Each structure stands twice: as C-alpha cells, then as structure tokens.
Ligand SMILES: Cc1ncc(COP(=O)(O)O)c(C=O)c1O
C-alpha cells in the first residue's frame, strides 16, 4: 500500500528524544518546550509561541482567548475541518459560513464583507490544501469593522503569502503537528501571536488557569492542553528540516502536475496565484461533472490498486451533528458541496518517492477511465 501520508523522522529526532530520556525531562516542564516555542515563533515571524497538545485545541484556546461568547458571530469557511467550529459552537457563538473559491479551494473572500453584521466578532481564516487564502482583503475588512482574526495555518507551515509567512497574520494563528503535517510531533499544535496579553492568556488557558500565587484557586476555567518535552524534542528536530520539506513538497506537486496534466476528467490543484505558489500540503483532485461517479468510488478503486487516498472535507453546514440541532437549515454553498463530493487527495507525504508518484499516477489514469 502506498500510504496517503508518511512522516520523515531521520534528522535529529532520535538524538533529542534520547536527551529527554537521559535527562528525565519528559513532561511539559522540560527545556525543549520553550526552545521549540521560541524557534517556531521566530520561523513564522512572531513574538510568542504557545505549544499545545494538538491543532484542534490550539483553535479552541484561540477562540476562548479572544472572549468569543454567546451572541457573537464568527465568519468562517464551510469547507474546513470541524476543529475550526467546535469552540465557537460550544461557547454559544454563531458560526456564519462562506462558500469556497473554485480555483484556490479556499474561502471565497469576496463573500465575506456581505456577511458582517453588528454582532460579528471575528473571522477564522483557514488556508486549505496548498494555497493560502487571499488574506490582505480580509485583513482590510477586519480592520474596517474592528474584527479579530484567527488564522488557521495548520496546513501551511513554510508557505508564504506575498512573501510573508503564513502564521504571521491573525491576532492569533494556529498550527497542527499531526503526522500528516509539514512537521510532526505525533500529536501537537502551536498558537502564535505578537500580543503579550493574548500570549499570556493562551498560556493560562493551556494550563488550567492555575494562578502563580494561589495555584488551586481559579478565576477562570481552562484546559490542560500542554505539550510534553518529548513532543517538543521531535518538533525542534523536525523544524530544523522545514526548508527541505517545502522543497520536497513542491517537487512532488510539480511531478504530479506533469504526469496528470493530460488525463481528462479531473481538475488539479491551482499551481500558483499572484500571491503564492502552491506548497501542496496534500495533492487534491476534483472529478469533473461528466464522470459518472464521485470521490468515494474513485477512492475505492484506488484502494483496490493499493493506493491510499482521503476524501476532501465535508462541509460544516452538512454535518449531521449540526443539522440535528437545527443549525444551517436551508443554507447551501454549491462550490464547497461539489468539492466535498467530487474531491479527494492522493499520496502526498514528505517520504513519497518519485517511483511511488509514478505508480499513483498510473493508477489514477486507470481508475478514471476503467
Ligand atoms: C486546517 C486544519 N485545522 C486544524 C486541524 C486540526 O489539527 P489536529 O489534528 O492537530 O487537532 C487540521 C488537521 O488535522 C487542519 O487541517
């Protein structure tokens, strides 16, 4: 089986992990955590990094840190992972969804301003699959209406928007280090910000809102979202090789582009816009409408040929968990709905070899026109 994703752990990961074991520092108190936070923040051009246990909790803490609460509205894409919406719903705020752009597969920025009301508190910007969101117009809207911005850059570490690093744009920006990401800590995440106050608040929320002077007296309810020293050791070693990862990802994308270009019936990722070159976090395909089957069938056929694949996101407004609560009734977002049904991605990990890419493309050709 060619896996859809496989991490590379052949840098200094082993050395740093042995250091943790030899020193006995394995919890979140260990020295790798602060080192990883500092190096990571500096890599994305930020003053503060707050390491957490995964990308979902990074988003949860970001929403909480901005005091988003019942009565507030938060604008976000419908085509995204459920992690973006969880804390918005749990805290009683209202998610306001926007459709996707059919070319970049990101949120359609031109729809955002019309969704702003007097209750809008924030925009959650999510960079999806390989190209960043066209963020300058969004920042301009946010500034004009006094909105906060959370930038979910989980899939976009190492990517740039008009030469500025992804992760450098939101009041708070978040990352994930799940093994399919550009760098991995097994499970893990990071919040970055330039604001001292927001950094302090995220640190407190991460650590159960313990207080320095009266530890077990809580003014606020937090979580335990701490990252361990073992995870941070991995993260630091991975970060040292990020440039190499970016090069490998773009080489993978270019090879797929060349080998898949002449196959009728599929749309490939947009290679570049005027604000960024695709980084191919994953290499997605969208089936044309004239093919008589959807992504599920394509993935089944690929699995028969021992090629791993994953479906695209399923839209937030079509989630049974929210529909059951009566949310998003009657709302439709046609571009995102089509992508969810006709989109999937093929093996895209950093460990993928050229000959595996060749095998995958041969299989894609066979299954589309079998
Ligand atoms: C855009 C995006 N945000 C958030 C997450 C959640 O991260 P985690 O799996 O670390 O909780 C992911 C992915 O896995 C993601 O792709």
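Quick one: work out Rg over Rh on the C-alpha atoms of segment 12-91, Rh as Kirkwood radius. Intermediate results must be reported in sequence, preceding the final value.
Values: Rg = 16.7 Å, Rh = 15.2 Å.
Here the Rg-to-Rh quotient is 1.10.
Quick one: Cα convex hull volume of segment 298-370, Å³ per residue? Please report the intermediate quantities before stating the final value.
Details: hull volume 8.8 nm³, N = 73.
Hull volume normalised by residue count: 121 Å³.
So for segment 219-311, what are the equivalent ellipsoid semi-axes in whole Å, largest first, each being the square root of 5 times an eigenvalue of the Cα gyration tensor?
Values: eigenvalues 234, 83, 46 Å².
Its equivalent ellipsoid spans semi-axes of 34, 20, 15 Å.
May I ask what percent, to the nearest 5, of DSSP beta bridges between residues of the chain are antiparallel?
In the chain, DSSP labels about 55 percent of beta bridges as antiparallel.
Across the Cα atoms of segment 98-225, what radius of gyration and what greatest pairwise Cα-Cα distance (Dmax) are found, in Å?
Taking only Cα atoms of segment 98-225, I get Rg and Dmax of 16.6, 53 Å.
Only helical DSSP H runs with n ≥ 4 go in: add -39500 (n - 2.57) per run for the chain, normalise by residue count and round the 222 nm mean residue ellipticity to 500 deg cm²/dmol. Mind showing how you got there, number by number?
Numbers: 12 runs with 130 residues, N = 370.
The helix-only estimate for the chain comes to -10500 deg cm²/dmol at 222 nm.
Quick check on packing: order 186-192, 88-94, 234-240 by the mean number of other C-beta atoms within 10 Å, highest mean leading. Numbers along the way, then the final one.
Details: 186-192: 25.9, 88-94: 16.9, 234-240: 23.6.
With the highest mean Cβ count within 10 Å placed first, the list reads 186-192, 234-240, 88-94.
Stokes-Einstein at 25 °C, 0.890 mPa s, Kirkwood radius from Cα pairs: D for the chain in µm² s⁻¹?
Numbers: Rh = 21.3 Å.
Roughly 115 µm²/s, to the nearest whole number.
Which order do 296, 73, 111 fall in if you start with the one that has the fewest other Cβ atoms within 10 Å?
On the way: 296 12, 73 19, 111 16.
Final ranking by Cβ density, sparse to dense: 296, 111, 73.
Please report 215, 277, 203 as a ranked list, fewest other C-beta atoms within 10 angstrom at the top and most at the bottom. If you can, show how the numbers build up before the last one.
Working: 215 9, 277 14, 203 21.
The fewest-first ordering by Cβ neighbours comes to 215, 277, 203.
Jot down the per residue volume, in cubic angstrom and as a whole number, of the convex hull over the alpha-carbon atoms of segment 246-370. Write down the numbers at each step before the final one.
On the way: hull volume 17.3 nm³, N = 125.
Enclosed volume per residue, from the Cα hull, is 139 Å³.
How large is the Kirkwood hydrodynamic radius of segment 166-279, counting all unique pairs of alpha carbons, in Å? Please report the intermediate quantities before stating the final value.
On the way: mean 1/r = 0.0575 Å⁻¹.
Taking the inverse mean of 1/r over all distinct Cα pairs, segment 166-279 comes out at 17.4 Å.
Which value, in Å to one decimal place, does the Kirkwood hydrodynamic radius take for segment 1-145 when every pair of different Cα atoms is included?
On the way: mean 1/r = 0.0557 Å⁻¹.
Its Kirkwood hydrodynamic radius stands at 18.0 Å.
Read-outs throughout are calculated quantities, based only on the coordinates presented, and are distinct from any laboratory measurement. All values reported here derive from a predicted model rather than from experimental measurement. No Cβ is skipped: glycine too gets one built from the backbone with ideal geometry, and neighbour counts run over all protein chains shown.
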